[in-house]
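What follows is calculated from the coordinates using simple rules that are stated; it is not laboratory data. Since we're looking at a predicted model, the values are computed, not measured. Glycine gets a Cβ as well: all are built from the backbone with ideal geometry, and neighbour counts include every protein chain shown.
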Amino acid sequence: MRFHVITIFPEMFDSYLQESILGRALKNKLISVKFYNPRDFIKAPKNNYKPVDDKPYGGGPGMVMRAEPMLSAVAKALADKKAKKGKIKIILFSTSGKKFDTTYAKTSAKKYTDIIMISGRYEGIDARVQKILRAEEISIGDYVLTGGELPAMVLIDSISRQIPGVLGKYESLEEERVSSSEVYTRPEVLKYKNKNYKVPKVLLSGNHRLIDEWKKRQ
C-alpha cells in the first residue's frame, strides 16, 4: 500500500511513522508514505513567503486554503510512476464527510494500491478541489481538529493493520479475537488503599469460549 499525503506540515508525521508496527511496516516495505507540500508548488515572491491560503469570499472568520497549490500537489502524487499502474483513491478530510471505521479500512486495504489524502488547515480547503478531483470526504469523528494531519495518521495506522504481513503473528491473532473495553494483567490481586481489586475469575479459567462470551457482554 502506498500512501500519499498532501500537507503543509509533513514533519508532524516523523515520530509517529518511525515507531512500533508502522515503523516496521515501512522498513519492510509493506507500506510507503510520501508527502507533497502545497507550498512547493507556489512561485516564491521576493520575500520568499509562499501563501497557501487567502480570505474567504463572502466574508467570515479565518482563512481558506487555495485550490491551485492543492491541485498541483495532488497532480504530483498522481504522476507517481507506481501509482499510475495501481488503483487510486483520493480522500479529503471533512467534518461533514463519511464516518471512517474498521470496515472502511479493510475495504480500502483490499481495493486500492494507492491512497491520496488531502489534509486541510485553517477554515478548510476551497470547495472546488473536492469537486474537480471528485475526492471522497471522510470524517474520523464528530469534532473539529486543527488540521487534517491527525486524521491522515489515523487512516494510515488503521488501513496498514489490514495489510498482510504488517501485524506480527501474535498481533494478527489478537486482532481477530473478541475485544473488550476491560483488560487486565498482573498482579492477579491489586492492593490499593487497603482494598483488593481482583481480576475476574473467568479470565483466569483458560476457557476461551467463556472468556469470549464475557468480553462480548462488556
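Listed values, structure above:
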| item | result |
| --- | --- |
| Most positive-pole-ward Cα, M65, V154, T95, against dipole of the stretch 2-170 from beta carbon charges | V154 |
| Rough spin-label spacing in nm, given labels placed 7 Å along Cα→Cβ, for S205 and V144 | 5.0 nm |
| Charge dipole (debye, nearest 20) of the chain; +1 at Cβ of Lys and Arg, -1 at Cβ of Asp and Glu | 560 debye |
| Gain in span if fully extended, E188 to K84, counting 0.36 nm per residue against the direct Cα distance | 31.9 nm |
| For the stretch 178-217, size of Cβ-based charge dipole, Lys and Arg +1, Asp and Glu -1, in debye | 200 debye |
| Segments 111-119, 82-90 sorted - mean Cβ within 10 Å per residue, highest first | 111-119, 82-90 |
| Read-out mean projected area of the Cα convex hull in nm², derived from the coordinates shown; its label in (i) 13.1; (ii) 18.2; (iii) 17.5 | (iii) |
| Distance between modelled label sites at M63 and S15, nm, 7 Å Cα→Cβ extension | 2.6 nm |
| Neighbour net charge for H4 - beta-carbon separation under 15 angstrom, K R +1, D E -1 | +4 |
| Within the stretch 1-40, trypsin sites (Lys or Arg not before Pro) in DSSP loop having at most 10 other beta-carbon neighbours inside 10 Å | K29 |
| Calculated FRET value between R134 and N196, using beta carbons and R₀ = 35 Å, to 0.05 | 0.05 |
| Per-residue ³J(HN,Hα) for the stretch 137-152, Karplus 6.51 cos²θ - 1.76 cosθ + 1.60, θ = phi - 60°, Hz, x for Gly and Pro | 7, 10, 10, 9, x, 8, 7, 10, 10, 5, x, x, 5, 4, x, 5 |
| Summed side-chain charge close to T107 - residues other than T107 whose Cβ falls under 13 Å, Lys, Arg +1, Asp, Glu -1 | +4 |
| Chymotrypsin sites (Phe, Trp or Tyr not before Pro) restricted to the stretch 27-106 and DSSP loop, no more than 11 other C-beta within 10 Å | Y49, Y57 |
| Ascending count of other beta-carbon atoms within 10 Å, so fewest first, for I132, I211 | I132, I211 |
| Considering only the chain, percent of DSSP beta bridges that pair antiparallel, nearest 5 | 20 percent |
| Long pairs among K29/K85; K55/K99; K191/K216; K99/K216; K29/K87; K81/K131, criterion Cα-Cα beyond 21 Å | K55/K99; K191/K216; K99/K216; K81/K131 |
| Potential extension, D40-Q218 segment - 0.36 nm per residue separation minus Cα distance | 59.1 nm |
| Residues S15, S139, sorted so that the one with the fewest Cβ neighbours within 10 Å comes first | S15, S139 |
| Selected from A105, A75, A152 as most flexible by GNM, with the chain as the system and alpha-carbon contacts under 10 Å | A75 |
